[in-house]
Each structure stands twice: as structure tokens, then as C-alpha cells.
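Colleague: Here it is: the structure, laid out below.
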Amino acid sequence: MHKFTLRQLEYFRAVALHGSISAAAEIEMVSRSSISAALDDLERAMGSTLAIRTKAQGVVLTANGHDVLRRVQAILRETNELAQLGNETELQGTLTIGCFPSLAPTVIPRLWQEFAQLHPNVTLDVVTAGRAELVRLAEQGMIDLAIAYNLHSFDQLETAALYDTVMHAIVAAGHSLAADGMVRAEDLAGEPLLLMDLSPSSEDILGYFSALGLTPKIGLRTSQFEFIRSLVARRIGYSMFIQRPKADTSYEGLPIQAVRILPEPPLERACIGWLSGQRPTRRAAAFVDLAVSRAEELKPLAL
């Protein structure tokens with residue numbers, strides 16, 4: 001087998017994580033030709049095709065590419081840890097965090113700012129994805145940590161709880177459904193539901209109605225959290241979320257009202273998780289400690 005370099009492994013990881021040579025080049029701050037050449041050299045060294053490159057889909061890993069990626073992630077993780085053995089007080093390297101999209105705007109910014117102040121030599125990288133995809137990325141070693149709801153239900157991950165909350169409805173301020181600060185599910189079912197179409201949100205919402213023998217009238221399916229909130233503020237329909245921003249206004253500055261749903265949905269737990277059976281890096285452990293210590297401040301406002 002030909003020799004390969006750590007740089008080639010780093011570029012391969014960037015391509016796998018960001019899905020294209022252009023995106024990897026931007027993240028690594030090198031030319032696209034450098035990324036492409038490194039990938040070619042690594043494939044020659046491995047004697048195998050690791051990724052299929054297409055104009056339409058970017059870069060798609062082969063089955064062998066996924067296996068190599070897991071090993072590459074482990075090598076780079078241990079290499080970074082080894083580099084820090086001589087400096088136990090200062091964390092360095094890159095920490096990649098995956099976060100559920102509706103959680104990211106309310107959880108990540110504060111933690112990013114504080115972590116950067118505490119550990120200025122650590123580079124944070126954040127990707128957003130649905131819960132199942134976050135678990136897959138953790139299994140493949142493409143993210144160090146995942147933040148989402150109910151990760152404790154996955155055997156593949158070890159988790160630390162951040163906070164518990166419940167799903168609620170949002171309507172335009174002054175809507176007749178919100179007169180008492182609460183609304184019954186059967187009253188919602190006849191209104192247009194603007195569905196957060198991202199797993200597991202869509203399944204949780206539809207499952208809630210189904211368990212009550214109700215079928216909601218879906219007016220829109222989209223994965224865009226703020227788009228839904230803007231439509232709600234314009235009285236296009238209502239929606240149901242777990243996460244509640246501090247400000248009850250849309251991007252347009254229009255008021256939104258969060259209301260309790262009856263009967264009350266099950267508790268949802270916001271968690272931070274890492275791959276089970278794998279010791280987190282010092283960087284990851286430090287971020288987990290920070291997140292847990294700030295959990296009460298990250299928790300949505302109570303209704």
C-alpha cells in the first residue's frame with residue numbers, strides 16, 4: 001500500500017462531511033484542485049474508490065468510503081489528542097457538532113460564544129440535520145457531538161440531559177383559539193396545520209393527533225422553522241413546536257402567541273450525545289460540560 005498523509009485524511013473528511021469538493025475547499029481554505037488531488041492520491045493509496053463525484057449530487061461516499069471515513073475519524077481524533085499531550089491545559093483542534101435545526105438558533109450561539117472564549121484555539125464546526133441523520137453522522141464519525149430531542153432513546157449514543165419540555169401550539173396573536181392561553185387538540189384539527197416536515201417533528205405531531213383519533217388538516221409541509229412562524233403570524237394557519245424562541249415575533253416583527261395544548265403531549269428531552277463506547281475527546285467533553293452547566297438558561301420559556 002502506498003503511503004498517505006494526514007492532510008489527505010483531513011481533506012477526505014471535509015469532503016465527506018460537507019458533500020462537495022467546493023465546500024471542502026472553502027472550509028479548509030485551499031483550492032478545489034488541492035482537495036481533488038488529495039482525494040485522488042488517497043484513493044490510489046487505498047487501492048479503492050472512496051467517493052463518486054457528480055455534478056448533480058456533489059460527492060457521494062461508496063460503501064468502502066464510509067468504512068474508511070470511520071477509521072479516518074478515529075485516526076484524526078487520536079492524532080489531535082496526541083498533539084495535546086504536551087499541553088494539558090490548552091485545548092486545540094476542531095470540534096464538529098451536529099444539531100437539530102430548530103434547536104440550533106437557540107442553543108448553539110450562546111454555547112459557541114462561551115466555548116470560544118474559554119478555548120480560543122478550538123475551531124467549532126456545526127452542521128444541522130434531522131435526528132436520525134445526526135445519529136448516522138455520529139456513527140460514521142462525521143460529528144463529535146449531537147444535540148437533539150430524545151437522543152437517549154438511541155442505543156448508539158451516550159447522552160447527557162439538557163432539559164425537558166413539551167410540545168405547544170403557535171397561533172397569531174389575538175387568535176380566537178388562544179383566548180385562554182390553551183387550546184384543545186380537536187379545535188386545532190379543523191384549522192390549517194403548517195407542519196414542520198422534519199423527522200421526528202412531523203411524526204411526533206401526526207402521532208399526537210392519531211393517538212386521539214384525530215386527523216389534522218395539513219396546509220403546508222416545510223422544514224423551515226422561521227418560515228412557518230412568519231406564516232403563522234400572518235394567520236395562514238397554526239403550527240406545533242417543541243422549541244420556543246425567547247422572542248414571540250416573526251422575522252417581520254409580527255406577534256405570535258404560544259399556547260398549551262390539551263391533552264398535554266408527552267415530555268420531550270433535549271440531549272447532547274456522543275457515540276456509545278467511545279471516549280469523547282477533551283474538546284468534546286469540555287463542550288458537554290459547558291452545555292450541561294448552561295442547560296437551565298437554554299431551556300425554553302414556560303407557558
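Colleague: In terms of modelled amide H atoms, which long-range or inter-chain residues lie less than 5 Å from the amide H of Tyr163?
Modeller: For Tyr163, the qualifying residues are Ala270.
Colleague: Also, quick follow-up: Given the Cα-Cα distance of Leu118 and Thr62 and 0.36 nm per residue of separation, how much length would full extension add, in nm?
Modeller: Answer, rounded to one decimal: 16.3 nm.
Colleague: Which one of Ser176, Ser36, Ser22 has the biggest mean-square fluctuation once the chain is modelled by GNM with Cα springs under 10 Å?
Modeller: Highest fluctuation of the listed residues: Ser176.
Colleague: So what J values fall out for region 282-289 if you push phi through Karplus, 6.51 cos²θ - 1.76 cosθ + 1.60 with θ = phi - 60°, rounded to Hz, Gly and Pro as x?
Modeller: 4, 5, 5, 4, 5, 5, 4, 4
Colleague: Further, regarding this structure: For a test of the definition: using alpha carbon positions, the gyration tensor, and the 1.5 limit on a/c, classify region 130-250 as rounded, prolate or oblate. Can you show the working numbers first?
Modeller: Values: a/c = 2.11, a/b = 1.87, b/c = 1.13.
Note, shape of region 130-250 comes out prolate.
Colleague: Please express the shape of region 1-68 as an equivalent ellipsoid: the semi-axes are the square roots of 5 times the eigenvalues of the C-alpha gyration tensor, given largest first in whole angstrom.
Modeller: Working: eigenvalues 58, 42, 18 Å².
Semi-axes (√(5λ), whole Å): 17, 14, 9.
Colleague: With the crude spin-label approximation of a point 7 Å out along Cα→Cβ, what separation in nm comes out for Leu212 versus Ile75?
Modeller: It is 5.4 nm.
Colleague: Which whole-Hz ³J(HN,Hα) couplings does region 101-107 yield from phi under the Karplus relation 6.51 cos²θ - 1.76 cosθ + 1.60, θ = phi - 60°, glycine and proline marked x?
Modeller: Result, rounded to whole Hz: x, 6, 7, 4, x, 9, 10.
Colleague: Please list, in chain and number order, the residues 5+ apart from Cys99 or on another chain whose amide H is under 5 Å from its amide H, with Hs placed from the backbone.
Modeller: Val127, Thr128, Ala129, Ile147
Colleague: Apply 1/(1 + (r/R0)^6) to the Cβ-Cβ distance of Val30 and Ala173, taking R0 = 45 Å, and write down the FRET efficiency to the nearest 0.05.
Modeller: E between Val30 and Ala173, to the nearest 0.05, is 0.35.
Colleague: Please list the non-local residues whose amide H lies under 5 Å from the amide H of Thr249, H modeled 1.01 Å from N, same-chain partners needing a gap of 5 or more.
Modeller: Those qualifying (amide H under 5 Å, at least 5 residues apart or on another chain) are Ile256.
Colleague: Please work out the FRET efficiency for the pair Asp187 and Ala160, using the Cβ-Cβ distance as r and a Förster radius of 41 Å; give the result to the nearest 0.05. Let's see the in-between values first.
Modeller: On the way: r = 38 Å, r/R0 = 0.92.
Between Asp187 and Ala160 the formula returns 0.65.
Colleague: Continuing with the same structure: Using the Karplus curve 6.51 cos²θ - 1.76 cosθ + 1.60 with θ = phi - 60°, work out ³J(HN,Hα) for each residue of region 174-183 in order, rounded to whole Hz, and write x for Gly and Pro.
Modeller: Result, ordered by residue: x, 4, 4, 5, 9, 4, 9, x, 8, 8 Hz.
Coordinate-derived values only; no laboratory data. Quick caveat, the model's predicted, so the values are computed rather than measured. Positions of Cβ are generated from backbone atoms using ideal geometry, with glycine treated the same way; all protein chains shown enter the neighbour counts.
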